[in-house]
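Asker: First the structure, then my questions, so here it is.
The values are calculated or read from the model by the stated rules, or taken from the named source; none is laboratory data. Quick caveat: nothing in here was measured; it's all calculated off a predicted structure. Here Cβ is always computed from backbone atoms with ideal geometry, including for glycine, and neighbour counts include all displayed protein chains. Heavy atoms of the whole protein, side chains included, go into the accessibility calculation; ligands, DNA and RNA do not. Shrake-Rupley method; radii C 1.70, N 1.55, O 1.52, S 1.80 Å.
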Amino acid sequence: MSMRVAYWHKDGLEVYQYINKKLVKKASGSLDELKPIKGFFDKKVLIVGRELLLYTRKRYPPAPFEKLTLSVGLEIGNLFPIPKPAFHCRTHESSKAFTMLDIWAWESEQYDPLREIFPFDYVVPEDLLYFSDIPEVKLFRYRGITTFLAHSEDRFLGGASYPDLNINEKEIERFLSGLGKHRSYIQRIKVYGSIPFHTKETGMPVVSRVPETEYPPCFDYLHNVRLREFKKRGDYPLSSKIDFMLRVLIYLILGYGLILSFTVRNYDQVVGEIRKKINSIDVKMSNKGAGQPVTDYSEVVREVNEKLSKRQSPIRVMDLIASRLPPESFIIRMVMNENNLEVTASSKDPLSVVKALGHTEGIKSTRLKGAPVMDMVTRFYNFVIMMELSSNPS
């Protein structure tokens with residue numbers, strides 16, 4: 001996935017894109033001048049420039065970072081004099097007695113017009129982009145503003161920005177002194193470009209010079225940042241991507257229509273093949289019937305009907321047995337074969353069932369098959385009765 005990055009400052013936006021791992025400037029200007037940036041599948045990162053940031057470091061009681069963030073959110077309006085603040089915080093130092101948080105805030109009132117131009121997914125304060133393998137101070141100039149930033153790895157130690165500042169040893173010493181206990185940790189001063197800067201004191205850190213960039217120096221450190229930490233969730237207007245959603249919907253409808261057309265074509269082909277097979281079967285049957293004599297099955301039908309007329313109706317037999325069953329007796333299963341009937345029953349008194357059915361008109365004989373078995377749970381006996389039915393039960 002490609003990435004687009006916008007640097008937000010007081011005069012508008014500078015929009016860049018990574019092309020073959022190189023940073024290319026795509027647009028620059030005020031929000032009124034810029035056209036909407038397209039590219040729905042790109043990561044879009046909005047960097048809040050130092051011009052727009054407010055910063056403080058505050059001490060809190062020891063607690064999980066999530067709870068501390070909630071606490072900052074509740075008092076953010078009292079910490080910074082801006083009407084609609086957005087913020088990000090990071091742990092500076094922690095112990096059993098306290099947690100020190102670095103807190104950055106900025107005005108989010110312009111988010112809506114910003115999203116119309118650059119529908120960002122991530123918002124990163126500029127100070128949090130910088131990284132250093134050893135404790136160092138970065139000194140650079142961009143947009144006419146001279147900036148000092150001190151970092152140790154991804155830990156922010158301090159920063160200061162001045163318009164059109166003439167750099168000398170007093171200025172850098174003043175900044176280093178402002179770092180407090182971190183002053184002694186600083187090992188290097190990295191100077192960007194041709195900023196006139198020299199040190200004569202032996203106690204100053206080593207000075208390293210690097211080429212000046214045509215873009216904000218923070219872009220060189222973007223690859224070190226875990227963007228997931230700066231993901232903006234739940235506040236994206238649907239209208240910002242409505243054209244993309246409609247386009248996807250149209251593609252889905254066209255794809256579904258294409259699938260249906262292929263399906264209908266396949267159905268027509270299968271139906272045609274089935275009709276051909278039916279016609280061929282009809283032709284074979286008609287030819288076969290025309291060449292063979294018709295067999296007379298009337299005698300077989302008469303014998304079957306006569307045999308069926310002598311069989312007992314299962315419904316009548318069930319009614320006959322049900323009418324003679326003693327109370328608390330149940331029929332579980334019946335198997336009927338011609339005039340022989342096998343009945344599985346359940347009762348507290350099996351003999352009463354045998355006697356009642358044995359004296360029923362339409363039943364020639366009854367007898368128990370095996371011994372009754374008692375169900376220890378219900379206290380009922382389960383047993384089998386073999387019966388022979390008369391020809392015409394009433």
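Asker: Within region 1-101, list the trypsin sites (Lys or Arg not before Pro) lying in a DSSP loop whose Cβ has at most 14 other Cβ atoms in a 10 Å radius.
Answerer: Hits after loop and neighbour filter: K10, K21, K38, K96.
Asker: Largest first, what is the accessible-area ranking of S261, S323, S347 with a 1.4 Å probe?
Answerer: Largest accessible area first, the residues go S323, S261, S347.
Asker: Each residue of region 37-52 in order: what ³J(HN,Hα) in whole Hz does its phi give by Karplus 6.51 cos²θ - 1.76 cosθ + 1.60, θ = phi - 60°, with x for Gly and Pro?
Answerer: After applying 6.51 cos²θ - 1.76 cosθ + 1.60, I find 8, 9, x, 6, 9, 7, 6, 10, 10, 9, 9, 8, x, 4, 4, 9 Hz.
Asker: If each of L258 and R302 carries a label point 7 Å out from its Cα toward its Cβ, how far apart are those two points in nm?
Answerer: 7.2 nm
Asker: Also, quick follow-up: Among V45, L254, I331, whose Cα lies farthest out toward the positive end of the dipole of the chain, if unit charges sit on the beta carbon of Lys, Arg (+1) and Asp, Glu (-1)?
Answerer: Farthest towards the positive end: I331.
Asker: Return the single residue from G49, G358, G255 with maximal mean-square fluctuation; model: Gaussian network over the chain, springs between Cα atoms under 10 Å.
Answerer: Between G49, G358, G255, it is G358 that shows the largest mean-square fluctuation.
Asker: Let me ask another. So for the chain, considering every pair of alpha-carbon atoms, how many percent are separated by more than 40 Å?
Answerer: 55 percent
Asker: Rounded, prolate or oblate: pick one for region 83-213, where a ≥ b ≥ c are the square roots of the eigenvalues of its C-alpha gyration tensor, a/c under 1.5 means rounded, and failing that, prolate if a/b is larger than b/c, else oblate.
Answerer: Taking the square roots of the gyration eigenvalues as a ≥ b ≥ c, region 83-213 is oblate.
Asker: For the chain, modelled as a GNM with alpha-carbon contacts under 10 angstrom, which of E107, E306, E116 fluctuates the most?
Answerer: Result: E306 has the largest fluctuation of those listed.
Asker: Magnitude of the Cβ-charge dipole of the chain, K/R +1 and D/E -1, about the Cα centre, nearest 20 debye?
Answerer: Using only the charged Cβ atoms, the result is roughly 660 debye.
Asker: State whether region 112-178 is rounded, prolate or oblate according to the following rule on the C-alpha gyration tensor (a ≥ b ≥ c being the square roots of its eigenvalues): a/c under 1.5 gives rounded; otherwise a/b larger than b/c gives prolate, and the remaining case gives oblate.
Answerer: Cα axes put region 112-178 in the oblate bin.
Asker: Something else now. Along the Cα-to-Cβ line of N78, 7 Å from the Cα, sits a label point; which residues in region 35-64 have backbone N less than 15 Å from it?
Answerer: 58-61
Asker: Run the accessible area of region 1-59 with a 1.4 Å probe and give the carbon-and-sulfur part as a rounded percent.
Answerer: Exposed carbon and sulfur together represent 49 percent of the surface.
Asker: Would you mind calculating the gained length between S390 and Y221 on full extension (0.36 nm times residue separation, minus the Cα-Cα distance), in nm to one decimal?
Answerer: The span from S390 to Y221 would gain 50.5 nm if fully extended.
Asker: Can you list the DSSP H helices in the chain whose Cα atoms extend at least 30 Å along the helix axis and whose mean Kyte-Doolittle hydropathy is 0.5 or higher?
Answerer: Qualifying helices, which must be both long enough and hydrophobic enough, do not occur.
Asker: If you don't mind, there's one more thing I want to ask. Work out the charge dipole of region 86-213 with +1 on the Cβ of Lys and Arg and -1 on the Cβ of Asp and Glu about the Cα centre, then indicate which of Y130, S95, G144 is farthest towards its positive end.
Answerer: Going by the charge dipole, the pick is S95.
Asker: List the relative contact order of region 302-394 as a percent without decimals, with contacts defined as Cα pairs under 8 Å and 6+ residues apart.
Answerer: Answer for region 302-394 is 29 percent.
Asker: In percent, how large is the relative contact order of the chain, given Cα pairs closer than 8 Å and 6 or more residues apart?
Answerer: Worked out over the chain, it gives 9 percent.
Asker: Rounded to the nearest 0.05, what FRET efficiency do V377 and R316 have when you use their Cβ-Cβ distance and R0 = 25 Å?
Answerer: Taking R0 as 25 Å, the efficiency between V377 and R316 is 0.15.
Asker: How far is it, in nm, from the label point at T344 to the one at E51 when both lie 7 Å from their Cα along the line to the Cβ?
Answerer: Using points 7 Å along Cα→Cβ, the separation is 9.2 nm.
Asker: Next question, about the same structure. Say a site is exposed when it is one of the chymotrypsin sites (Phe, Trp or Tyr not before Pro), sits in a DSSP loop, and has at most 10 other Cβ atoms within 10 Å; what is then the longest site-free stretch of the chain?
Answerer: 42-296
Asker: Here is a further query. How far apart, in nm, are two points set 7 Å out from the Cα along the Cα-to-Cβ line at K181 and at D282?
Answerer: Inter-label distance under the simple model: 10.0 nm.
Asker: If ligands, DNA and RNA are left out, what is the accessible area of V335 with a 1.4 Å probe, given in Å² to the nearest 10?
Answerer: 60 Å²
Asker: With runs of 4+ DSSP H residues as the only contributors, calculate the mean residue ellipticity of the chain at 222 nm using -39,500 (n - 2.57) per run, divided by the residue total and rounded to the nearest 500.
Answerer: Using -39500 (n - 2.57) per qualifying helix, the result is -9500 deg cm²/dmol.
Asker: Apply the a/c threshold of 1.5 to the C-alpha gyration tensor of region 60-157 and tell me whether it is rounded, prolate or oblate.
Answerer: Since a/c reaches 1.5 but b/c is at least a/b, the shape of region 60-157 is classed as oblate.
Asker: Continuing with the same structure: What percent does the relative contact order of region 1-110 come to when contacts are Cα pairs within less than 8 Å and at least six residues apart?
Answerer: 24 percent
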